[in-house]
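The values are calculated or read from the model by the stated rules, or taken from the named source; none is laboratory data. Bear in mind the structure is a predicted one, so any value in this text is a computation, not a measurement. Here Cβ is always computed from backbone atoms with ideal geometry, including for glycine, and neighbour counts include all displayed protein chains.
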Amino acid sequence: MGIFDPDWHEVSALVTNIQRFSVNDGPGIRTTVFLKGCNLHCCWCHNPECINMHPQTQFDDTVCQKCDLCSTSCPNGAIRSYGNIDQMKCVLCGCCVKICPYDALSIVGERKTSSELLETMKKDRPYYQESGGGVTISGGEPLLQLDFLHNFLPKLKQENFHVVIDTAGCVPFSSLEYTACFADLFLFDVKAFSPEIHKKYTGADNAVILENLRRLSSLGTEIWVRIPIIAGINDTQDEIAAIARFLSETPGISQVDLLPFHDYGVKKYESIGKPYLLRGDPHPSDDFMLTAKRICSSFCLPLR
Amino acid sequence: MIDPISCVKIKRKLAIFMSSANNLGLSDRIQRLYAMRDELYDSEAIPHRAQVYSKVFSQHPTLDLPSKIALAFEEFLSVKKISVLPGDVLAGYAYKYSWDLTDPHKTPDIYNAAEVPPYDPFCIDDEVERIKDYLGGDENHPEVKKLRFFQKGVHSWLFKHNSGGHIIPGQQRILTSGLKALQDEAKTELGKEHTDSEKSYISAMLRCAEAFSNYILRYSEEAENSSRSIEDSSEKKQLLKISSACKNISKNPPNGFFEAVQLVWLVHEVLITDMPVNCVISVGRLDLYLNPFYQADLAAGHITEDEAQEIIDALWLKFAANEMCYQNVTIGGTTVSGEFISNPITHMCLRATERLRCDQPLLALRYAPDMPEELWEESLNVLRSGTGFPSFFNDTACIVVKERQGLSHEDAVNFAVMGCVELTGCGNDFSNTESMRINIPLLLEFMLNRGIQRLTGEVFPLHNNRNLDSIESFDEFYAWFKQELRAYINLGLESADLIESFWGRLYPAPFLSFTMNGCVQKGRDVADGGPIYNNSVLNGGGFASTADSLAVIKKLVFDEKIITLSEFVVALDQDYKGYEHLLRLISACPKYGNDDDAVDRFVRDMVDIFIDEADGRINSRGGTYGIGLYTVQDHAKMGYLTGALPDGRLAGTALSNGLASVQGKDISGPTALINSAVKAEISCAGNGMVLDLKFSPQFLQNPSNAKAMRHLINSYFARGGIEIQINVVNSETLLAAKREPGKYKNLVVRVSGFSAYFCSLLPATQDEIIARTEHGNF
């Protein structure tokens, strides 16, 4: 007991979602936990509810029956009319969530202790074992909740789970270095090579990201690089070639995935009252996806 | 029988054939046959049979029933209209079996309560009358009284009861021995020591068998006659081939693959024609028993693979003429010598199903984790075509559970799937698999409503009539529920068994009995202890609905004390009108299917009670009981007469299906649903079970996702799962999901490079996926 017990204090994470039977976030059947909070603001982000560092009230207009109970129930006058939430006034009291008869309102972002999460992870162990899967920690930027990871990662390894960290890499290298002691695989996003493009569309410079990837690759942990392809942003041959060249000069990358933009997350912007700033059709053409694959292949990248 | 997924929805897909028929590699002949398929229907066939039977019955008033039936059968087969269609591959055609023609029971595509009679009479009314007559016509006879109560339960959909049929006949015996040898066996048996009634029954079987031989000969002559007027040399050749085949198989074992398939079809045709009501007849392990004929022909150079495929396709079209007829074909699985069957016929069956896309025959694959990769790939192709076939059965667990039910190791290994999901011995087992199903949530209604069925006002006395306000703890309530469940299970089993004890005598089926192993030797009907195995069943409906309801009662009434039981009853009386706030509280209670022990334990307990009541119980025919955790379409029909339930389900809507969660409530993904299911002792479900997973066709297009699905099945089977079916959704479902997202929360679709819940997508993306499904699929 006391401070000598590793569990003497429970550390919790701010979680938006735990997805079981996750089959696209690393090998096999996995359980993916999405941590809330990100230091990039990619304008195409498909998990916008994971950007903000604190819980938010979320509204689903597809099930709303416009009874307007929510606005009358709100003690702070934060709901102007059904589902139209003033996030600045909202204090997350949850009155509207409790009263909504149709489950149209919810609070996204919940604190979960590492043992709570571990219990969920353990439930699908037979599937991990059968499929070579495990646990993925994604977000948001999971490495921003480092105190939680300090507590959680050793527990995962104690359970012998295959651990994947899904990161954008815009963190101090020490964070990556620490988590690399426990992770079996990093999913590392490279969104753009040109610093201008990166800065303009994600809000951050990419020098530290590329440097982190380079240094991480020397630590020997397996890395899969994921490149989102967004029309009008990075769907140029030069950009893809620059990324590909950089990756080809970085040893230790065992898989590269090209992920065409999808609009899965667009609806979520509205639900949390966040403006969606991407203009035009961001879907890359099939032709460009083929070109991008060709370019990557010409640099001998291990495309999936 | 069948779950709506493998049945109603598949039926809906029936006619999507087939602008691209050429691309699918069907032969010209099969394409023509497909096109003319619906024109063959003879609406007078079934009335004709009835006329002949009543004529013969009135001519022989003094004979015993089996003899009368045999004479009528003989007469009918000698006058029945037959034709060998020009251009057909095989002789024979069965009536387009349709429930509404032969049975008041209707099974429409979409269950619309307004169109369907409030109860499904099946056969119970006639049965009770015949048993009453048999017992001397006394309405006050204790057994008649018991049955009257059961009859009321069936009419109220407290019980589902359907007798007879539901069997895999002895196709394999007939193929191996030939008809003449089996007839000789029966003749020898007549010379042995038997009672008069046994001898009379053996004679009836023999008469039927000889009538069947003559019926096949009629086809031989008919084909020969047709050939005379045909100019086209290839058609002429085919007709002569049919003629000589029929001539041979009317007596001898088939000589070659074509003759074997022809014989399989004619046996099947006559069996389903002979029993127009409840004629659920499945086919058994087709790939096991046809392959030797194919291999011999192939070695002798008598057949090519394409020719054999055409014959299988033609057989499939014969089956397809009998919509909704639960003609299940079983493929794959281990043999007694321990090898796994994945032979050319296995693959031909899969290809026929994939390319013809008919609702019949149903296709069940006996699955093993280490089965050949190409069989998995071929199965995946069929799944992707959107029919829901094949369904997967856990080979190891099924064999174990059949042995547990008294089948010898050899017969257990040789089990096949009957109807929807019932595990049955082949040609040696009559388990009357739809004899009794209990509507579990309705018992909860009785408890909360003083033993009165809310929607009909019928009174069903409770074992223990309790004042709701006097119940102080959930444990007390739960103990009461378990007590009532046991009491009504016993009542149902006793009544169904009573009917079974008379059934074979009141509804004899001499021709079916002739095909079965054991009936001739014992001189007894298939339903009267004739076959080697004479088991019975205990099926249940509404497990998840009950579990969710119990969880709500526990949480809201006893743990949080938000509402009293009596107050809850008022909300149920009002069908939750004016109680929307209560629905909100209910939706926050734990739901089965999400790997939550707080509610999964109720399903586990119910299954335990089933096992406890049925396991080792002996029926009146000397067999034991198997448990069925599937509901055919009964969850909708039972739901029709079940009032609002504490889980928030409104009056008249469907109950939960098989062992699945309440519709749309399993929102934690397929691993959680499976974890919930395997908490119960499902490996004891000797009469089969249904667990349905939904995936989009796009999800399965991606090879790594398909692999994940296989891993999912493997780990589920490793933990005792009996059956799983993969529902690859079509655009109709997706459209419905778009209209009513609340009901399809668990629908996973592949978008591009990732998967997502369909209802979480932008409407435009949803439309795109709907459009893509149609292009990708058809």
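Tabulated values for the structure
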| quantity | calculated |
| --- | --- |
| So residue B:681, is it over 20 Å from the mean Cα position of the chain (by Cα), away from every other protein chain (no Cβ under 12 Å) and either in contact (Cβ under 8 Å) with a residue 60 or more places away in the chain or at negative phi (or both) | yes |
| Wholly enclosed helices (runs of 4 or more DSSP H) of region B:540-629 bearing at least 1 residues away from chain A (no Cβ under 14 Å) and among the hydrophobic types (A, V, I, L, M, F, W, C) | B:543-552, B:565-573, B:597-614 |
| Residues of region B:631-678 satisfying the condition of being of a type in the set (Asp, Glu) and within 14 Å of another protein chain (Cβ to nearest Cβ) | B:666 |
| Checking residue B:407 against (1) touching a Pro at 6+ places or on another chain (Cβ under 6 Å); (2) buried (at least 24 other Cβ atoms within 10 Å of the Cβ), the condition it does not meet | (1) |
| Counted residues, region A:97-116 - those being part of a helix (DSSP H, G or I) and more than 11 Å from chain B (Cβ to nearest Cβ) | 3 |
| Residue A:151, sole failed condition from (1) in contact (Cβ under 8 Å) with a residue 12 or more places away in the chain; (2) assigned to a helix (DSSP H, G or I); (3) within 14 Å of another protein chain (Cβ to nearest Cβ) | (3) |
| Residue identified as outside any helix (DSSP H, G or I), β-branched (Val, Ile, Thr) and under 27 Å from residue A:181 (Cα atoms) among A:208, A:225 | A:225 |
| Entirely in region B:350-469, the strands (runs of 3 or more DSSP E) that have 1 or more residues that are of a type in the set (A, V, I, L, M) and within 26 Å of residue B:503 (Cα to Cα) | B:416-418, B:422-424, B:437-439 |
| Single condition residue B:326 does not satisfy, out of (1) modelled with pLDDT of 95 or more; (2) on the phi > 0 side of the Ramachandran plot; (3) among the hydroxyl-bearing types (Ser, Thr, Tyr) | (1) |
| Selection status of residue A:122, touching a residue at least 12 places away in the same chain (Cβ under 8 Å), among the basic types (Lys, Arg), within 19 Å of residue A:13 (Cα to Cα) and in contact with a helix residue (DSSP H, G or I) (Cβ under 9 Å, 6 or more places away or on another chain) | no |
| Qualifying position, being farther than 30 Å from residue B:346 by Cβ and of a type in the set (Ser, Thr, Tyr), among B:456, B:424 | B:456 |
| Region A:47-65, residues that are within 14 Å of chain B (Cβ to nearest Cβ) and surrounded by fewer than 20 Cβ atoms within 10 Å (Cβ to Cβ) | A:47, A:61, A:62, A:63, A:64, A:65 |
| Pairs, first under 23 Å from residue B:566 (Cα atoms) in region B:474-490, second of a type in the set (Lys, Arg) and at pLDDT 95 or above, C-beta under 7 Å, six or more apart | B:474/B:554 |
| Filter pass, residue A:108 being over 30 Å from residue A:202 (Cβ atoms) and of a type in the set (A, V, I, L, M) | no |
| Residue count, region A:258-300 (criterion: of a type in the set (A, V, I, L, M), farther than 30 Å from residue A:89 by Cα and either within 13 Å of chain B (Cβ to nearest Cβ) or touching a residue at least 12 places away in the same chain (Cβ under 8 Å) (or both)) | 5 |
| Residue among A:87, A:129 that alone is more than 13 Å from chain B (Cβ to nearest Cβ) and either at negative phi or in a helix (DSSP H, G or I) (or both) | A:87 |
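Conditions (1) under 23 Å from residue A:265 (Cβ atoms); (2) charged (D, E, K, R); (3) surrounded by 23 or more Cβ atoms within 10 Å (Cβ to Cβ); (4) at pLDDT below 80, marked per residue:
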residue	(1), (2), (3), (4)
B:713	no, no, no, no
B:718	no, no, no, no
B:721	no, no, yes, no
B:726	no, no, yes, no
B:741	yes, no, no, no
B:745	yes, yes, no, yes
B:754	yes, no, no, yes
B:770	yes, no, no, yes
